[in-house]
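The values are calculated or read from the model by the stated rules, or taken from the named source; none is laboratory data. This is a predicted model, so every value here is computed, not measured. FYI the Cβ positions are ideal-geometry reconstructions off the backbone, even for glycines, and counts take in every protein chain you see. All accessible areas refer to the heavy atoms of the entire protein, side chains included, with ligands and DNA or RNA removed. Shrake-Rupley method; radii C 1.70, N 1.55, O 1.52, S 1.80 Å.
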Amino acid sequence: MSRPEDTLPPDLFYNDTESYKYTTSSRIKSIQSSMTQRALQLLALTSPSMVLDIGCGSGLSGEHLSSSGHIWVGMDISASMLAIALDRDTDGDLLLADMGQGVPFRPGTFDAAISISALQWLCNADSSEVSATGRLSRFFDGLYSSLKRGGKAVLQFYPKNDVQRTMITSAAVKAGFGAGLLEDDPETKNKKLYLVLTVGAGRGEVVGGAVAGRDVTDVVKGMEGVDVIDERRKGKNGKGKEIKGSKSWILRKKEQGRNKGRAVKGDSKYTGRKRRPVF
Amino acid sequence: MKILTSNYITCAVKACKSSTLSFPLHFQDAELVQEEVDFNAEFIVGILPRIEWDALIVTAAELGFTNLPAQKPEPTEEAPLGEQVLKDLHKLLLETQVTEGKLVCGNCQHIYNIHQGIANFLLPNHLV
Ligand SMILES: C[S@@+](CC[C@H](N)C(=O)[O-])C[C@H]1O[C@@H](n2cnc3c(N)ncnc32)[C@H](O)[C@@H]1O
Ligand SMILES: [Zn+2]
């Protein structure tokens, strides 16, 4: 099946006909509904909140925010989708806006954000003037700023391949978010990917992603299949600094030694462990 | 557009990010409707700390509501906000909506049109 993202820009793809077809399909309604419920579960909001729905479309995702007692603002680039949202008497406040141009809200305003099946559209630059990376970073920078400290976002998306998946997750981490990926029904054709983002302490207060990584671990703790994206763990191949004396550092040094033909002790489970002081 | 949203939204033009004049955006030729929204005291209490009160006074005045208190009602442990105050806020922030009109940036004068309650925030690329 060809991906709509590869055929047309979103505002042209979601024209009146397509938007109507999308919104009235009972199959789509039920999928969007279950993914939104999952996102809400991951957000774990404990009180009625102010939520941003990015790529809200005709309101299929937003209506679950309303029924959970939240007030929401939705932004979407397709006027046809928003017109259907109006027809359906959606409770959310709607904006015609392009997430790739940023998220135009005062800093620290929203309690949380969701996005259901929209983010992959950002991987296709739809004009020659602006790169996909540029649009992604404008989006995540804006989202980061518009969420309150301690705020969370859950974004379900359909990456075309690993390149897109990495493009999106690394743009989120670069913006300052603590990030984790959750995959439901992996290895099946129904697999669903959720990017879980947290806004930790203010940027600049914490060096690197140190706290960010921990935050998101708490959010998704105990949930099966969650993969915390933590730049620090990348060791020497990633951007993070490898700590001198750490296990990975020792293993790498030993490997280097072996490659140079030196006599190096074999690796064991004790390699790089802290030794107890001996009295 | 709800009054609450107008207290959150800023000019999307890049050059306006650092200007204090780009918030709040100013309503012009606004047509208002009142639409009932379920009252939820907990929601109002929860968002009140993130309301910019001075901006709300400006916005409300532009729409013809001039009887807001000069200071944000601040709940304390001994004196939580009374039901009436919360209901008044609910009515203004969530039930009062602008259906037609414009939002204008005080810095770059960009006009964001509002039609059927939906504000158009799409920008030409050179302004982003
Ligand atoms: C598959 S629909 C999902 C709509 C809704 N979230 C739902 O669950 O039914 C994807 C939506 O993303 C919107 N979209 C795509 N690119 C966008 C962009 N750059 N800015 C805002 N919305 C965008 C499309 O217009 C479309 O309404
Ligand atoms: Zn402006």
Task: Per residue, the convex hull volume that the Cα atoms of the protein assembly as shown enclose (Å³) - done: 198
- [ ] Could you give log10 I(q)/I(0) at q = 0.15, 0.16, 0.19, 0.21 Å⁻¹ for chain B, computed by the Debye formula over C-alpha point scatterers of equal weight, without solvent?
- [x] -0.73, -0.81, -1.08, -1.25
Open item on the list: For peptide A:98-111, what's the mean number of Cβ atoms from other chains within 10 Å of each residue's Cβ?
Closed with: 6
Task: Pairwise FRET efficiency - B:E52 versus A:N161, Cβ, R0 = 41 Å, nearest 0.05 - done: 0.45
Open item on the list: Among the listed pairs A:K148/B:K102; A:K189/A:K247; A:K152/A:K191; A:K174/B:K17, which have their C-alpha atoms separated by more than 30 angstrom in this model?
Closed with: A:K189/A:K247
- [ ] Pop a pseudo-label 7 angstrom from the Cα along the beta-carbon direction at both B:C108 and A:R27 and give the gap in nm to one decimal.
- [x] 4.3
Open item on the list: For the pair B:V85/B:L127, report the inter-label distance in nm, with labels modelled 7 Å from Cα in the Cβ direction.
Closed with: 3.9
Task: Positive-end extreme of charge dipole, the protein assembly as shown - chosen from B:T76, A:P159, A:W121 (charges on Cβ) - done: A:P159
Task: Residue list for region A:52-84, given a label point 7 angstrom along the Cα-to-Cβ vector of B:K17 and an amide N cut-off under 19 Å - done: none
- [ ] Evaluate E = 1/(1 + (r/R0)^6) for A:S2 and A:T271, where r is the Cβ-Cβ distance and R0 equals 45 Å; express this FRET efficiency to the nearest 0.05.
- [x] 0.35
Task: Reduced Cα scattering model of region A:63-155, Debye log10 I(q)/I(0), q = 0.12, 0.13, 0.22 Å⁻¹ - done: -0.40, -0.47, -1.25
Task: Förster radius 30 Å - calculated FRET efficiency between A:S47 and B:E77, Cβ distance, rounded to 0.05 - done: 0.95
- [ ] Would you please give the residues with an amide H less than 5 Å from that of A:F157, counting only those at least 5 places away or on a separate chain, with H modeled from the backbone geometry?
- [x] A:S117, A:L193, A:L195
TODO: Sort out for me the Cα centre separation of region A:53-117 from region B:1-37, rounded to whole Å.
DONE: 16
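Counting only heavy atoms of protein chains, what accessible area per residue, in Å², does region A:32-72 have with a probe of 1.4 Å?
On a per-residue basis, 28 Å².
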Task: Peptide-level mean, for B:7-15, of C-beta atoms on other protein chains within 10 Å - done: 5
